[in-house]
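Have a look at the structure below before the remarks.
The values are calculated or read from the model by the stated rules, or taken from the named source; none is laboratory data. Keep in mind the model is a prediction, meaning the values are calculated, not measured. Counting neighbours? That spans all protein chains shown, and the Cβs are built from the backbone with ideal geometry, glycine included.
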Amino acid sequence: MPATRKRQRSSPSPSSTAASSAVCRSKDEWEKLENGSVLMLPPTTSIVKEALHTLKDSAASGVVVKIAAFDMDDTVIKPASGGVFPRDDPTDWQWVVPEVRDYLQHLHQCGFLIALFSNQMGIGKGSSWNAAKADSIEAKVALLSHDAAVPLCACLATRDDAWRKPSPRIWHLFVTRVAQCVRDGCASSADAVAKEEVTVDCEAYSFYVGDAAGRTTPTLAGRKKDFSCADRHFAYNLQLPFFTPEQFFAFEVGHLLQEDALTTRRAGEAKGLSYRLSTALLRRTAPSSGAAATSADFSWGDVCPEELRSLPRTYAQLSVQVITFTTVKTISLPSAPPLFARTGEQELIIFVGFPGCGKSSFYRRHLQPYGYAHVNRDILQTRAKCIRAAEEHWARGDSVVVDNTNPTVEDRQAYIDVVKKHTPKRNATAVAVLPVRIFCFTHSRGLASHMNVVRAHVEGVPRVPAIAYNVFQNKLQRPTTTEEVAALGIEAVWGIPPVVCFDDAPVGTEKAFSLLL
């Protein structure tokens, strides 16, 4: 590190910056995209041009667009009527604190494109479309733009689908439009280059402010606690610096930014100065890097980044708990397949685990290759058909896997009885141990729910509803003692820990799994 460093200059105060010449937005500019899942007040070439930056003295064709991204409700505005939710009235709003206007103006004047990202599921709930609510919110954003004297852009997720925060898709849709505006402006640029040669970076200097941050303390908007952690998840998924409204709007506006190594390409900017978030502000924010599951101020929710990163990638040589009728022990799995299958002997394996925790994938990877028959209620539809199928396979001499959630003793006993029915009677002195193993998947509810969301996100299938997780959790009777195993008369209960494997997963699964969706 050099002995001396160039002193970073703070950004100019709002009062000393030239007034914005930008045109404010109108309701007529909104676009309905992705079959109505997204409403966008899109960027335009003239708006994006005001946010273009390049490396100083660089002839490279790459440009940077700095985006100051905000959630809307309870972050920059709150209902003027005092309710928890705003009325379908474009005038039912007030700035969450009066100074918000100054912050938005300052950011715009210093070269940031201002964009709102908001979940508004009330517009497109189910298959319906609430035109009155859509019109109200579109008009409201136009009023915000006018009152702040800033050309706002906005993206509204109207349904509970893959476009809804914290999914990053809505951000990627927006920055794709930003990049297109950059390229469309090349023809009129003095240093024009071929459109296809222009690279556009919309993440390097951008940030996100939102109120859904997993906190249990009162908020700036007057709520007792946060309703979710979706905004913090959104920033984490995009790897953007994240701030709550309390952190961001408490920082003095004149010290919000400092000079950086870029140069602005804005017309009329005398010195071409460029600004980024100040180091002092970045030090104040709780990181979105996910170093810990919880802090004194917030909880990540169902799963945290560290939990996802720490999951093992293979079962080979992994330690698992095995409960027999005499002992509870930990065994180390083999280093090579078969890891769980028994070759040359017939057995029944009963799965126990939350919906969506990967039971079927486990079967396909570890048991199907060794000839185990598959019994699954999603395929057969009824419990009676599953029991009948298990009995038919067993009678033919097949090993069988019952791939259902099986939370209760009663659920599992029906299949144990199938084996008992076809097992020869033994003498009274022999220990009657049926060739049955129960595989209890030890995934937490949060991890199983996360895997369910990932599957829906990647494969485009419906999510297992939350009520199914409630029902399983309330019914769960997991055998945990030698006495319970002895009473069942089975060989053992195995604990199957969560392992992450993407070898045969659909394209995009590994990337989606690392996100907090």
Legend entry - Flag for Ala69 being buried (at least 17 other Cβ atoms within 10 Å of the Cβ), modelled with pLDDT of 95 or more and under 19 Å from Thr176 (Cα atoms): yes
Inset, instruction - List every residue pair whose Cβ atoms sit under 7 Å apart, with the two residues 6 or more apart in sequence or on different chains, where the first one lies in segment 204-221 and is outside the structural domain of Pro241 (by TED's automatic domain parsing) and the second, anywhere, is surrounded by 23 or more Cβ atoms within 10 Å (Cβ to Cβ) and in a loop (DSSP other than H, G, I, E, B). - result: none
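Looking at this structure, is Ile379 among the hydrophobic types (A, V, I, L, M, F, W, C), within 31 Å of the chain's Cα centre (by Cα), surrounded by fewer than 18 Cβ atoms within 10 Å (Cβ to Cβ) and in the same structural domain as Arg478 (by TED's automatic domain parsing)?
yes
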Legend entry - Filter result (crowded, with 17+ Cβ neighbours inside 10 Å and assigned to a loop (DSSP other than H, G, I, E, B)) within segment 347-371: Glu347, Gly353, Phe354, Pro355, Gly356, Cys357, Gly358, Leu367
Legend entry - Checklist (1) surrounded by fewer than 23 Cβ atoms within 10 Å (Cβ to Cβ); (2) out of contact with any helix residue (DSSP H, G or I) (no Cβ under 6 Å at 6 or more places or on another chain) applied to Asp88, failing item: (2)
Inset, instruction - For residues that are part of a loop (DSSP other than H, G, I, E, B), among the polar types (S, T, N, Q) and closer than 21 Å to Val485 by Cα, tally how many sit in segment 308-346. - result: 4
Inset, instruction - Quick one: which residue in Val433, Val418 is closer than 22 Å to Gly344 by Cα, touching an Asp or Glu at 6+ places or on another chain (Cβ under 7 Å) and at pLDDT below 95? - result: Val433
Inset, instruction - Give the residues of segment 222-243 that are crowded, with 18+ Cβ neighbours inside 10 Å and at pLDDT below 95, sorted by residue number. - result: Asp226
Legend entry - Condition broken by Phe472, with the remaining ones in (1) surrounded by fewer than 20 Cβ atoms within 10 Å (Cβ to Cβ); (2) touching a Ser or Thr at 6+ places or on another chain (Cβ under 6 Å) satisfied: (1)
